[in-house]
Amino acid sequence: MSIANNLAKIKSALPPHVTLVAVSKTKPVTDLMEAYNAGQRIFGENKIQEMTEKWQQMPKDIQWHMIGHVQSNKVKYMIPYVSLIHGVDSLKLLIEINRLAAKWRKKVDCLLQIHIAEEETKFGLDENELEEMLKQVQHDKDQFVNIKIVGLMGMATFTDDQTQIKREFLHLKAIFDKHSQMKTDNCHLTTLSMGMSGDYQLAIECGSNMIRIGSSIFGDRSSLTPEGGIE
């Protein structure tokens with residue numbers, strides 16, 4: 001099937017409240033343009049340099065999501081155009097995003113990445129670190145005026161064990177629900193980003209309202225890594 005047909009098939013089965021991020025990492029601009037011409041406007045990349053090159057070449061009504069692990073020294077390259085940063089996993093990174101966003105006189109939406117998988121290679125905050133970060137942002141709201149925490153993101157263990165994946169998704173949903181009542185100018189959790197090509201239907205059942213799908217749209221990559229993971 002073509003990229004356009006893959007997109008149409010996936011979108012036709014998605015509930016209206018679920019946002020689809022097309023994970024386009026490693027794929028050429030021609031593939032992204034096929035998805036664009038089929039109506040897709042949100043693309044996710046995991047390397048800032050690659051995302052920036054594609055942003056320069058492609059239509060400017062695209063929303064670019066940074067879904068991979070972010071190095072603080074690379075943040076400056078994406079601040080001018082990035083729509084949402086999924087993988088904020090430290091206060092240091094949040095401070096750097098806020099600092100650079102201030103230079104551009106803009107506010108950048110961020111998701112805090114929570115570690116829910118059993119794999120130690122996954123990035124993310126634990127529950128105590130999350131609570132400390134949210135307290136810091138709330139307490140120092142005059143400092144964090146150029147970011148807005150709009151939700152949480154997490155990746156389940158890369159396994160065929162559906163029971164384990166469901167347990168991890170439900171754990172993240174519980175954390176999300178616990179903190180979703182917090183509403184300030186720079187923090188209001190409305191987005192729960194979880195679910196990729198192999199598990200997005202289960203993620204939606206568990207409460208996800210943003211999914212990251214790559215191979216089911218664009219086809220398999222030469223090196224298989226979870227969408228939103230690190231190459």
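Taking residues in the stretch 60-82 that are part of a strand (DSSP E or B), and partners anywhere that are among the aromatic types (Phe, Trp, Tyr) and at pLDDT 95 or above, the pairs with Cβ atoms closer than 9 Å and at least 6 places apart or on different chains are Gln63/Phe43; Trp64/Phe43; Trp64/Trp55; Trp64/Tyr81; His65/Phe43.
Within the stretch 165-209, the set of residues being part of a loop (DSSP other than H, G, I, E, B) and either more than 17 Å from Ile149 (Cα to Cα) or without any contact (Cβ under 8 Å) to a residue 24 or more places away in the chain (or both) comprises Ser180, Gln181, Gly195, Met196, Ser197, Gly198, Asp199, Cys206, Gly207. Within the stretch 64-76, the residues that satisfy the criterion of being of a type outside the set (Gly, Ala, Ser) and buried (at least 16 other Cβ atoms within 10 Å of the Cβ) are Trp64, His65, Met66, Ile67, His69, Val70, Val75.
Based on what the data block shows, is Lys141 modelled with pLDDT under 95, within 16 Å of Cys187 (Cα to Cα), in a helix (DSSP H, G or I) and out of contact with any helix residue (DSSP H, G or I) (no Cβ under 7 Å at 6 or more places or on another chain)? Here the answer is no, as Lys141 does not meet what is asked. When the residues of the stretch 96-132 are filtered to those that are assigned to a loop (DSSP other than H, G, I, E, B), buried (at least 21 other Cβ atoms within 10 Å of the Cβ) and not aliphatic (A, V, I, L, M), the one that is farthest from the chain's Cα centre (by Cα) is Lys122. Just one of the numbered conditions (1) within 15 Å of the chain's Cα centre (by Cα); (2) closer than 30 Å to Gly219 by Cβ is not true of Glu50: (1). One residue alone among Glu119, Glu131 is among the acidic types (Asp, Glu), at pLDDT below 95 and either at negative phi or in contact with a strand residue (DSSP E or B) (Cβ under 7 Å, 6 or more places away or on another chain) (or both), and that residue is Glu119.
Once the stretch 1-40 is narrowed to residues that are of a type in the set (S, T, N, Q) and in a loop (DSSP other than H, G, I, E, B), the residue that is surrounded by the most Cβ atoms within 10 Å (Cβ to Cβ) is Ser24. Here the condition is being within 17 Å of the chain's Cα centre (by Cα) and buried (at least 22 other Cβ atoms within 10 Å of the Cβ); of Ile79, Ile85, it holds for Ile85 alone.
The values are calculated or read from the model by the stated rules, or taken from the named source; none is laboratory data. Worth saying up front: this structure is predicted, and the values here are computed from it rather than measured. Neighbour counts run over all protein chains shown; Cβ positions are idealised from the backbone, glycine included.
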